[in-house]
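The values are calculated or read from the model by the stated rules, or taken from the named source; none is laboratory data. Predicted model, so just to flag it, every value in this text is computed and none were measured. Here the Cβ positions follow ideal geometry from the backbone for every residue, glycine too, while neighbour counts run over all protein chains shown. With ligands, DNA and RNA removed, areas are computed over all heavy atoms of the protein, side chains included. Shrake-Rupley method; radii C 1.70, N 1.55, O 1.52, S 1.80 Å.
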Amino acid sequence: MSVRSFSVHGHFYQPPRENPFSGVIPREFGASPYHNWNERIHAECYLPNAQLGNFERISFNIGPTLFSWMKSYDPDTCRLIIAQDRANFQRYGVGNAMAQSYNHTILPLSPRHDKETQVKWGIAEFEHRFGRKPQGMWLPETAADLETLTILAEHDIEFTILAPWQADYYQLDPTEPYRVALAGGKSITVFFYDQDLSTGVSFNPSLTSNADYFARNVVATRFLAEKSQQGEPQILLIASDGELYGHHQQFRDRFLAHLVDGASLSAGLEKTYPALWLKSYPPRKWMSIREGTSWSCHHGVVRWMGECECTPGDGRWKAYLRQAFNRLANNIDQVYVDSLSAVQIDPWELRNGYIHVILGEISAEQLINQCAGRTLEAAQVERINLLLEAQRERQRIFTSCGWYFDDFSRIEPRNNVAYAAQAVRLTRLATGTDLVPQTMVDLRYVVSHKRGLRGDMVFKSLLQKASYPEFSGKPFQ
Ligand SMILES: [Zn+2]
């Protein structure tokens, strides 16, 4: 009998919920009896899965922005999760946690310098939390293009996980990983997850009510008979949102524990995870990918930039919002690059290094002086620090959740506008440059088809609350 291995990947992530001006998550009534959704999902999913030891049994990634919230809310659970990856690392020499690019940005829609920042910040965050280098990186929405994969490989990331329809070949064999050729003679390994199993686990609760049944009668039947007869090793990967296990579906944290540790063993399946699998079975075949594709939009990455059938109703606001933020990001960058060039600092090296300030490893002053190669005056340091804070907000405005749903009046796109307002405010504080007029013009076209709410209205009211001079009649505080 050949090796038949099985792995579950959980992508744990929540949209950022903090008000960017206060840093505090407002009360979310739908999350009752908890204060907000992060706390409720924590109680229903992150905590029980950590207590059950599931983070040792599966392949997983935790979005950096979620992990940083969890670190302050419940450091004990963070320690449990990290210890479970470490246990595997000590036993096998490879861990089961994967990194994730920092904000939940659809990377194929980003320019190269943003992709690099997202990947570098994601790696630095992973190293900070897990105390080791990441071998694999999860891409938000598994959105991929060759440039993104090349940047991963340039940063020594060995593998990622994609949906099977992202492969450029309809007869994909999902029981083994593939190598994808990249620019500069580089390559990256891709695990394409099993579509039927992953969809079933995510959207058909009746399929996952009994782990023994699922392992024996569903998973075990998906292996290829021909390969089994020839003694060839096979791996099947289920990929899903981690919140499925306990939050979206009750008791699935227990289902997961039994599936991976008891039920699959009884069904003759071996437990593995991508990094462990690669130790014994490096990829043998090559595959090319379809550029600009993802796991939750079957129209490429249109869901996050325009109208497609994934979300009903008038979706024109998505294109206008993307366009407005692209222009705003360019304008913020121009101010940033000009200001840094004037003091002979490489703006992108500085921005990429800023993650160490975010993580509290060094102070902003240390980083700025280090990049400058000399000691700058306090006023200069303060100004550059404000520009770096603006760059952090500017990364957050591209959080994919802002475009994921059907309507602009939801909290997720309005949060992205809040990050934009804060980025504009910080840029003005640092340099006096006012990016508001152009942004107001661009956001006027962003209209909620359900409530008539417009992007510029949201933007203006946020700036009013933040005492932006033109809207509040007050000077900056
Ligand atoms: Zn779509």
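Pulled fully out, how much extra length does the chain show between TRP165 and GLU309, if you take 0.36 nm times their separation in residues and subtract their Cα-Cα distance? Display every interim value, and only then the final one.
On the way: separation 144, 0.36 × 144 = 51.84 nm, distance 1.72 nm.
Length gained between TRP165 and GLU309: 50.1 nm.
Compute for region 96-201: radius of gyration divided by Kirkwood radius, i.e. Rg/Rh, restricted to C-alpha atoms, rounded to two decimals. Ratio value, two decimals: 0.96. Label sites at ASN217 and SER280, each approximated as a point 7 angstrom past Cα along Cα to Cβ, lie 2.9 nm apart.
Divide the volume of the convex hull of the Cα atoms of region 362-477 by its number of residues and quote the answer in cubic angstrom per residue.
Numbers: hull volume 13.3 nm³, N = 116.
Per residue, the Cα convex hull of region 362-477 comes to 115 Å³.
Phi angles across region 322-328 convert, under the Karplus curve 6.51 cos²θ - 1.76 cosθ + 1.60 with θ = phi - 60°, into 3J(HN,Hα) values of 4, 5, 4, 6, 4, 5, 4 Hz, Gly and Pro given as x. Between the residues PRO134, VAL180, ALA153, the greatest Cα displacement towards the positive end of the dipole of region 115-245, with unit charges on the Cβ of Lys, Arg, Asp and Glu, is found for PRO134. Within the shell defined by Cβ-Cβ distances under 13 Å, the residues around TRP403 carry a net charge of +1, with Lys and Arg each +1 and Asp and Glu each -1. Along region 360-370 the Karplus relation, 6.51 cos²θ - 1.76 cosθ + 1.60 evaluated at θ = phi - 60°, assigns HN-Hα couplings of x, 7, 9, 8, 4, 4, 4, 4, 4, 5, 4 Hz to successive residues, with x for each Gly and Pro.
In terms of overall dimensions, the chain has a Cα radius of gyration and Dmax of 23.0, 78 angstrom.
If I model a spin label as a point 7 Å beyond the Cα along the Cα-Cβ vector, how far apart are those points for HIS298 and VAL441 in nm? It works out to 4.1 nm between the two label points.
Counting only heavy atoms of the protein chains, get the accessible area per residue of the chain (1.4 Å probe) and round it to a whole Å² value. Walk me through the numbers on the way to the answer.
Details: 19320 Å² over 477 residues.
That works out to 40 Å² per residue.
Dividing the summed helix terms, -39500 (n - 2.57) for each DSSP H run of n ≥ 4, by the number of residues in the chain produces a 222 nm estimate of -13000 deg cm²/dmol to the nearest 500. Scaled against the 2.2 N^0.38 Å expected of a compact globular protein of N residues, the Cα radius of gyration of region 156-247 reads 1.24.
Taken along its three principal axes, the alpha carbon spread of region 147-208 comes to 47, 24, 17 Å, from the longest extent down to the shortest.
For trypsin sites (Lys or Arg not before Pro), the sites in region 312-407 that DSSP calls loop and that have at most 12 other Cβ atoms within 10 Å are ARG374.
When the accessible area of region 1-131 is split by element with a 1.4 Å probe, what percent falls to carbon and sulfur? Could the numbers behind the result be given before it?
Numbers: 2340 of 4570 Å².
Its accessible area is 51 percent carbon and sulfur atoms.
For SER5, nonlocal amide neighbours, meaning residues 5 or more places apart or on other chains whose placed amide H falls under 5 Å from its own, are GLN234, ILE235, LEU236, GLU270. Within a straight-line Cα-Cα reach of under 19 Å, LYS474 can be paired with the following aspartates and glutamates, leaving aside sequence neighbours fewer than 8 residues apart in one chain: ASP434.
Distance from the alpha carbon centroid of region 99-117 to that of region 183-243 works out to 27 angstrom. With all pairs of different C-alpha atoms in the average, the Kirkwood value for the hydrodynamic radius of region 112-163 is 11.2 Å.
Return the distance in nm (one decimal) between the two label points of a simple spin-label model at SER461 and SER22, each offset 7 Å from Cα along Cα→Cβ. With each label point 7 Å from Cα toward Cβ, the separation is 1.6 nm.
In sequence order, region 120-130 has phi-based couplings of 5, 5, x, 5, 4, 5, 4, 4, 5, 7, 9 Hz under the Karplus curve 6.51 cos²θ - 1.76 cosθ + 1.60, θ = phi - 60°, and Gly or Pro positions carry x. Close amide-amide hydrogen proximity is noted between LEU162 and PHE191, PHE192, TYR193, each under 5 Å apart and 5 or more residues distant or on a separate chain (H modeled in the peptide plane; Pro and chain starts excluded).
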